[in-house]
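Data block below; observations after.
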Amino acid sequence: MANRTYTSESHRKYSEACQREVDEMAKHPLSIEQMEEQMDRNRAEILRRQQAKI
């Protein structure tokens, strides 16, 4: 991984975990249909969280 600056140890751990996940996703790209389904799920989750705040 590249040399990076972190604000805290938890930030470093979270960032490195995200980078590992991105690397893994790059090895197994989604089809266009899978990508659209994932985007729909993400939008639905965002809307659900916004409604929960109200």
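The values are calculated or read from the model by the stated rules, or taken from the named source; none is laboratory data. It should be emphasised that the depicted structure is a prediction, and the values quoted were computed from it without experimental measurement. Cβ placement follows ideal geometry from the backbone for every residue including glycine, while neighbour counts extend to all protein chains displayed. Note: areas computed on protein heavy atoms with side chains; ligands, DNA, RNA excluded. Shrake-Rupley method; radii C 1.70, N 1.55, O 1.52, S 1.80 Å.
Assorted remarks:
- Positive-end ranking of 42, 15, 26 along the dipole of the chain, with charges on Cβ about the Cα centre, is headed by 15.
- Net charge of neighbours whose Cβ lies under 14 Å from the Cβ of residue 12, counting Lys and Arg as +1 and Asp and Glu as -1: +1
- Per residue accessible area in Å² of the chain, where ligands, DNA and RNA are left out and the probe is 1.4 Å: 97
- Within the shell of other residues whose beta carbon sits under 12 angstrom from the beta carbon of residue 47, the net charge comes to +3, with Lys and Arg scored +1 and Asp and Glu -1.
- Accessible surface of the chain, 1.4 Å probe, proportion on carbon and sulfur as whole %: 53
- Largest to smallest accessible area among 32, 54 [probe 1.4 Å]: 54, 32
- Debye intensity ratio in log₁₀ form over the Cα atoms of the chain, taken at each q of 0.26, 0.30 Å⁻¹: -0.92, -1.03
- The trypsin sites (Lys or Arg not before Pro) found in the chain that occupy coil by DSSP, while having at most 13 further C-beta atoms within 10 Å, are 4.
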